[in-house]
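Colleague: The structure's right below; bear with me while I get my questions together.
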Amino acid sequence: MSVHINGQDISGPVTLAMSNTGAYSIVERSDWRRYDNGRYVGLVRHEVRASIIPKTTGHGNDTLLYQGNFFVLQNTLRDMRQSAQSVDAVVPVSFELHRNGTIVIEKDMGFPALRGFPTFPAQKVVPGFKWRAPASRAVDPFNTGDPAIITFNADYEYRGVEKYKDIWVYKIYAIYGYNYQSRNPGSNGFSRVQGSHKVDILIRVDDGLPIFMHDDLDEKYTMIDGSTVQFKGFSLTFGSGIIPMDRSDVIASLGNKLKIESLPAPNARAVVSEPPVPSASLQSGLSEAEDQKAAASGKSTNTAILQDSAIDLAPVPEGIRLTIKDIRFVPDSAEFLPAERSRLDLIADALKQIPDRVFLVEGHTAATGKPAGELELSIERAKRMVDELERRGIKADRFIYKGWGGTKPIGDNSTNAGRSANRRVEITILE
């Protein structure tokens, strides 16, 4: 029986090709067993999420331009995957995607890990058809931030069509391996890696988007001192299309719900938005408790203005960002002051209007010369915001969160008002 999709008889010879997929998301979950010098030492689980958005049409119909962010979540526990998860790294990406599946990455930072995989043949194929194509993989098993780019040849076999979750897909099986010797031993922790991969791939018939890959892998790393670290297990990659937000409508709706008309006067906003001063003067040395004492004694002329704190709404490449300024915590802790309860209620009610989106919650502190403590506190505050919103009825698995410490100031850390502005939480509705 013939099966036709978009005018193509997919039960006969078919053309495998990437078309304009629109915005899409990727989730990669890995479960590996780790062996040190041949001895089993435990499980390694991690997750990577990405939202990829089209930029513009590329050079002709055969090239598409995309940008997005990869969110790296290390050491993910199986029983925590329905909970909010901490983000270890946010990696921006911009790349060209060619019709045959090959990829060209601008400012390569190791993501996406696979490049040019899968690659499609130029001719039509029938079940059993085989082909070979070059590809590459970014490898950074110890999270050094300096991935090795390994090239290899992958062998593919087309295995026909089937339905997957009510979607027609092409089935492809691929195998590849490598024996890579590092040209710069020590920069990424190993001198050699030997790997083998067996991958089941499902490609959406409509547009050629890989929507599922199951990779059974075995990788062995030889360290500089001759010791070995081996990973055996699997990685699952899920791809799905994203319906883009109508950002103007969403911002208007949220603005109405959040009562954005109560923004501070222009002179207050100028104080909040003043550019950071050079790093030498960012180290105020004052704790939050000392800042509050200074404000109470009248030493700050701007604190009273900032107490009518605002929630800013703005489109950003990742989606729509809510910046909750001058949010009040118990000094040097992650506990909200009771006065914040009504604002937390308001934020939760507003976010409940947004179905089926992931929220990135980011915590920020002032820079007071204690970077390690500031980072830890910012993570705790981001997580506390997630907990409060979950308590108000938003499912925890819709959140990921990260702390930045005092590394992203929006105010002058040499003033009480500036430090108050820098102690903020941002919530991004991811595209």
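The values are calculated or read from the model by the stated rules, or taken from the named source; none is laboratory data. What you see is a predicted model; the values in this text were computed from it and never measured. Neighbour counts run over all protein chains shown; Cβ positions are idealised from the backbone, glycine included.
Colleague: Condition test on residue 52, is it aliphatic (A, V, I, L, M), at pLDDT 80 or above and within 20 Å of residue 215 (Cα to Cα)? Working first, answer last.
Modeller: Working: aliphatic (A, V, I, L, M): yes; at pLDDT 80 or above: yes; within 20 Å of residue 215 (Cα to Cα): no.
Judged against the criteria, residue 52 is not a match.
Colleague: Checking residue 42 against (1) over 30 Å from residue 127 (Cβ atoms); (2) of a type in the set (Gly, Ala, Ser); (3) at pLDDT below 90, only one condition comes out false. Which one?
Modeller: Result: residue 42 passes all but (3).
Colleague: A further question follows. Scanning the range 178-213 for residues that are small (Gly, Ala, Ser) and surrounded by fewer than 16 Cβ atoms within 10 Å (Cβ to Cβ), which turns out nearest to the chain's Cα centre (by Cα)?
Modeller: Ranking the candidates gives 187 first.
Colleague: Being touching a Gly at 6+ places or on another chain (Cβ under 6 Å) and part of a strand (DSSP E or B) narrows it down to one residue among 156, 173, 178; which is it?
Modeller: 178
Colleague: Could you please find all residues in the range 68-101 being surrounded by 16 or more Cβ atoms within 10 Å (Cβ to Cβ), modelled with pLDDT of 75 or more and β-branched (Val, Ile, Thr)?
Modeller: 72, 87, 91, 93
Colleague: Related question: Quick check on the range 314-322. Is at least one of its residues under 28 Å from the mean Cα position of the chain (by Cα), modelled with pLDDT under 85 and more than 23 Å from residue 390 (Cα to Cα)?
Modeller: Yes, the range 314-322 has at least one match.
Colleague: Residues in the range 104-121 that are of a type outside the set (Phe, Trp, Tyr), under 19 Å from residue 209 (Cβ atoms) and part of a loop (DSSP other than H, G, I, E, B): how many?
Modeller: Adding up the residues that qualify gives 6.
Colleague: Let me ask something else. Are any residues in the range 343-388 in a helix (DSSP H, G or I), small (Gly, Ala, Ser) and either under 13 Å from residue 424 (Cβ atoms) or not assigned by TED's automatic domain parsing to the domain that holds residue 402 (or both), and if so, which ones?
Modeller: Here is the first cut: in the range 343-388, the ones in a helix (DSSP H, G or I) are 343-351, 371-388.
Still in the running and small (Gly, Ala, Ser): 348, 350, 372-373, 378, 382.
Correct list: 378, 382.
Colleague: For residues that are in a helix (DSSP H, G or I) and surrounded by fewer than 17 Cβ atoms within 10 Å (Cβ to Cβ), scanning just the range 389-425, find the one that is modelled with the highest pLDDT.
Modeller: Of the range 389-425, the ones in a helix (DSSP H, G or I) are 389-391, 396-398, 416-422.
Retained after the next criterion (residues that are surrounded by fewer than 17 Cβ atoms within 10 Å (Cβ to Cβ)): 391, 396-397.
On the way: 391: 95, 396: 91, 397: 89.
My answer is 391.
Colleague: Only residues that are closer than 28 Å to residue 348 by Cβ and exposed (fewer than 14 other Cβ atoms within 10 Å of the Cβ): list them for the range 214-254, please.
Modeller: 243, 244, 246, 248, 249, 252
Colleague: Now for a different question. Consider residue 155 carefully, then state whether it is among the acidic types (Asp, Glu) and modelled with pLDDT under 90.
Modeller: The answer is no for residue 155.
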